[in-house]
Amino acid sequence: PKTQLQLNYTLQNRTQFYKLNSYLAALSYQWNSSNRIYQEFSPVSLNYTLVGNESDAFKDVLDANPFLARSFENQFIPGSGYSFQFSDLGKKTSKHTFYLSFTADLAGNLIGATQALLTGGNEILGLPYAQFAKADVDFRYNLNPTKNTKWVSRVFMGVGLPYGNSSSLPYVKQYFAGGPSSIRAFQVRSLGPGAYVPPNNTSTNFFDQAGDIRLEANTEYRFPLVSYLQGAVFIDAGNIWLANENDAIPDSRFTKDWNEQIAIGSGFGLRLDIDFLVVRFDAGVPLRYPYEYANNSHWQSELFSSWAWTTDNVVLNFAIGYPF
């Protein structure tokens, strides 16, 4: 077992829109219950986010979407967390291996309860603080049909519920879908939330396409080609949703019809695996959209019908490491 004190600074610079500064201080206790189980408890985590250098275009986006504006507020995120991991993926001789991860994140509860009893306020040092509960489950199953082939599957479920001071999760805590480690037939942060259809102006769409809930499933078959070069075929499915209604982003809330808003993509990949480093290249094609795409259908009906269709719809991904 060990104790870790973490100090972290993260800068996200969208040169045409904003600069997001995130400061984090956290205390955590980490231990291995066995050679397969790892646990971590963080009783204290203080995160401060500061948004600066806001452009006029970015301010226009926030003015049109108050829900999004609250995600980008300068605020404290005081919280605590717990994570649990079980993994036997290192068993090279086993035909079946598993990985399970659970993470819980609570913010603003202790401070909110204390202020409710003493002062009734909802700020720290003049700034609002976030209140939410968030939990993730990541389950993976690896099957080794032969010595050199592998069939890997993953199911991910994540839910964040804002309450009290917060009507939405802070932007740094929200979920995104699409990209090289998600649904690879769609561009990074280009899916959802829900059945939301982005406007034609794509320069600012990524602000809106974040959510409080994420469901995703992936399966991938990996096989050797030549020397260190491996191939893979895959299918990805999933989406993100909002926990609360947002008038500026229609059809974005999670409802009982969530299964009608699932995106599906498939594709082929090449991987240069030299043990200590994996360079990955994936090409994905969307098969189903979370909204009606054409002829009142969610399904793609013109697969590789022309060279123009291919160049417009095949999504290329480059990444380091396996997606899961």
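Some observations on this one:
- Region 59-101, subset part of a helix (DSSP H, G or I), open to solvent by less than 50 Å² (accessible area, probe 1.4 Å) and touching a helix residue (DSSP H, G or I) at 6+ places or on another chain (Cβ under 8 Å), residue farthest from residue 134 (Cα to Cα): 61
- From the options 164, 178, 126, 194, residue that is open to solvent by less than 40 Å² (accessible area, probe 1.4 Å), out of contact with any strand residue (DSSP E or B) (no Cβ under 7 Å at 6 or more places or on another chain) and at positive phi: 178
To keep it simple, each residue is scored yes or no on (1) among the hydrophobic types (A, V, I, L, M, F, W, C); (2) more than 30 Å from residue 15 (Cα to Cα).
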position: 42; (1), (2): no, yes
position: 46; (1), (2): yes, no
position: 51; (1), (2): yes, no
position: 66; (1), (2): no, no
position: 69; (1), (2): yes, no
position: 82; (1), (2): no, yes
position: 104; (1), (2): yes, yes
position: 111; (1), (2): yes, yes
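- Single residue of 323, 290 found to be open to solvent by less than 20 Å² (accessible area, probe 1.4 Å), assigned to a loop (DSSP other than H, G, I, E, B), over 30 Å from residue 163 (Cα atoms) and not aliphatic (A, V, I, L, M): 323
- Subset of region 1-35 [of a type in the set (Ser, Thr, Tyr), surrounded by 13 or more Cβ atoms within 10 Å (Cβ to Cβ) and more than 21 Å from residue 53 (Cβ to Cβ)]: 28, 29
The values are calculated or read from the model by the stated rules, or taken from the named source; none is laboratory data. Since we're looking at a predicted model, the values are computed, not measured. Glycine also receives a Cβ, built like all others from the backbone with ideal geometry; neighbour counts cover every protein chain displayed. For accessibility, only protein heavy atoms count, side chains too; no ligands or nucleic acids. Shrake-Rupley method; radii C 1.70, N 1.55, O 1.52, S 1.80 Å.
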